[in-house]
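In what follows, a structure is listed as structure tokens, so that the remarks can point back to it.
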Amino acid sequence: MTSPGSAPKTLKAPAAPAENPYAVLRNRDLLLYLTGRFLASLGQQMLTVAVGWELYDRTNSALALGLVGLTQMVPMVLFTLPAGHLADNHDRKRIILAMTFIIACASVGLAVISSRQADVFWIYFCLFAAGTARTFLWPASSAFLPHLVSRQQFSKAVTWSSGSFQLSSVIGPAIGGAIIAWTHLPAAVYAANAAASFLCLLLMSLVRRRHVVAVKERMTLRSLVVGFRFVFASRIILGTITLDLFAVLLGGATALLPVYAKDILHAGPAGLGFLEAALPSGSLLCALILAHRPPLQHAGRTLLWAVSIFGLATIAFGISRWFWLSLVMLFVCGAADNISVVVRHTLVQLLTPDDKRGRVSAVNSLFIGTSNELGGFESGMVAHLLGPIFAVVSGGVGTILVVMLVAWIWPEIRKYGRLDA
């Protein structure tokens, strides 16, 4: 009780309870979606190991391995725009189910081809079919995720989605290699991937939420390029995609990991395995940390700092001669890259109207997907001409310069605030 003339005591408002990082996973549809995506990604990581092993074992040709990347990139270039249009004008859940079924059938085909030792042409045929299905799957899947959670929870959902992918990247190749070592049959891995795809199909079919198209557009040249026009009209989306594109293009140190493991760090095949796992391990740890923290308060500045750290860690990896330092720098690269992925994917989805999300997601996947392939080519070419160390270090320097240019050209990115606003 206050005495006369004294100022009343101000009662402090109770502190807001800390947000449970696992609360978003109580969403049944999201949990089914993430589990299905994890199984599909795990199977794909296993398949990548098996395809590389079988093709090189049967052909003894490095060109045969190079054609795998080309076979998977061509559908992306040819079908990305129609895939985006389809995702905006048809039920996205049905597209996910149909494309997952095609991927499962392609894996069954690979298992039959491998067990019968059919001509390797049919391996590429199945890879092309699966690559085409994934090209249509990606924009539909990315644009479907915002339907499953609220705007406030979306960045958490993206974080868990990214974390599940990185987990599959860490354990998938190891499981695929173990199956081949145990059975001596790549077909067993293809069968496992088919089983994972069918399980993904089952889980996705149990998701109750559906995408309802308000007004369907006919497929015309004008409707196909809507995604490009929206990206170039939205300065924040264009800036974040540009930043990630050039960071991936210039910072392609992963393409040269075999060279570093063998000739620079003298770590051998076992060391190469650790180096390959370091980057997704860093991404996985970062995803877990982000999931247990509130949404980013200064998302724009955090994005710029993350890509800068990625560039600095790439430089340190490039000049390192000590295996453990190189391992740590790749781990840091993975953590920084995960921040970039979460911020970019969240901004692209939240700043895009739902009727354009499929086409904008398609443009995003085209830019990032092709930059991954071209980044490996660029690193290999520069390493061939000027040496691997120069290739990696110059890529890191280029990444930092790109951050400075993006921060100058698109100041809106620096000023962007909460990721869930």
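On full extension, the segment bounded by ALA23 and ASP91 gains 21.7 nm, given 0.36 nm per residue less the C-alpha separation. Give me the percent of the accessible area of the chain that comes from carbon and sulfur atoms, probe 1.4 Å, all protein chains in place. Taking all protein chains in place, the chain shows 70 percent carbon and sulfur surface. Of the labelled figures [x] 36, 23, 21; [y] 36, 28, 22; [z] 76, 21, 15, only one reflects semi-axes √(5λ) of the Cα gyration tensor in Å as derived from the coordinates, namely [y]. All C-alpha to C-alpha distances of region 94-171, sorted into 5 Å bins beginning at zero, yield P(r) values of 3, 14, 16, 16, 19, 13, 8, 5, 3, 1, 0 percent in whole numbers. Under the simplified labelling scheme, the ILE171-LYS216 pair shows an inter-label distance of 4.1 nm, with each label point 7 Å from Cα along Cα→Cβ. Within the shell of other residues whose beta carbon sits under 14 angstrom from the beta carbon of PRO353, the net charge comes to +1, with Lys and Arg scored +1 and Asp and Glu -1. Taken per residue, the accessible surface of region 186-292 reaches 48 Å², heavy atoms only and a 1.4 Å probe. Helix 357-386 and the long axis of the chain differ in direction by around 60°, with both axes built from C-alpha atoms. Sequentially through region 411-416, phi angles give Karplus couplings (6.51, -1.76, 1.60; θ = phi - 60°) of x, 4, 5, 4, 8, 5 Hz, Gly and Pro residues having no value and appearing as x. Here the Karplus curve 6.51 cos²θ - 1.76 cosθ + 1.60, taken at θ = phi - 60°, turns the phi angles of region 314-327 into couplings of 5, 4, 4, 4, x, 9, 6, 10, 9, 4, 5, 5, 4, 4 Hz, with x standing for Gly and Pro.
Can you give the extra length, in nm with one decimal, that the chain gains between ARG58 and LEU78 once fully stretched, where that is 0.36 nm per residue apart less the Cα-Cα distance?
4.3 nm
Based on C-alpha pairs under 8 angstrom that are at least 6 apart in sequence, the chain has a relative contact order of 26 percent. For region 335-348, the Karplus equation 6.51 cos²θ - 1.76 cosθ + 1.60, evaluated at θ = phi - 60°, returns couplings of 5, 5, 5, 5, 4, 4, 5, 5, 5, 4, 5, 5, 5, 4 Hz by residue, with Gly and Pro reported as x.
Local charge sum around GLY311 (other residues, Cβ-Cβ under 13 Å, Lys/Arg +1, Asp/Glu -1)? Net charge in that neighbourhood comes out at -2. Per residue, region 322-381 exposes 34 Å² of accessible surface when a 1.4 Å probe is rolled over the protein heavy atoms with every protein chain present.
Please report how many Lys pairs in the chain have alpha carbons closer than 22 angstrom, counting only residues at least 8 apart along the chain or sitting on separate chains. Lysine pairs, 8 or more places apart or on different chains, close enough: 5.
The values are calculated or read from the model by the stated rules, or taken from the named source; none is laboratory data. Please read all numbers here as calculations on a predicted model, not as lab measurements. Please note: Cβ atoms are built from the backbone with ideal geometry, for glycine as well, and neighbour counts cover all protein chains shown. Keep in mind that these areas ignore ligands, DNA and RNA; they rest on the heavy atoms of the full protein, side chains included. Shrake-Rupley method; radii C 1.70, N 1.55, O 1.52, S 1.80 Å.
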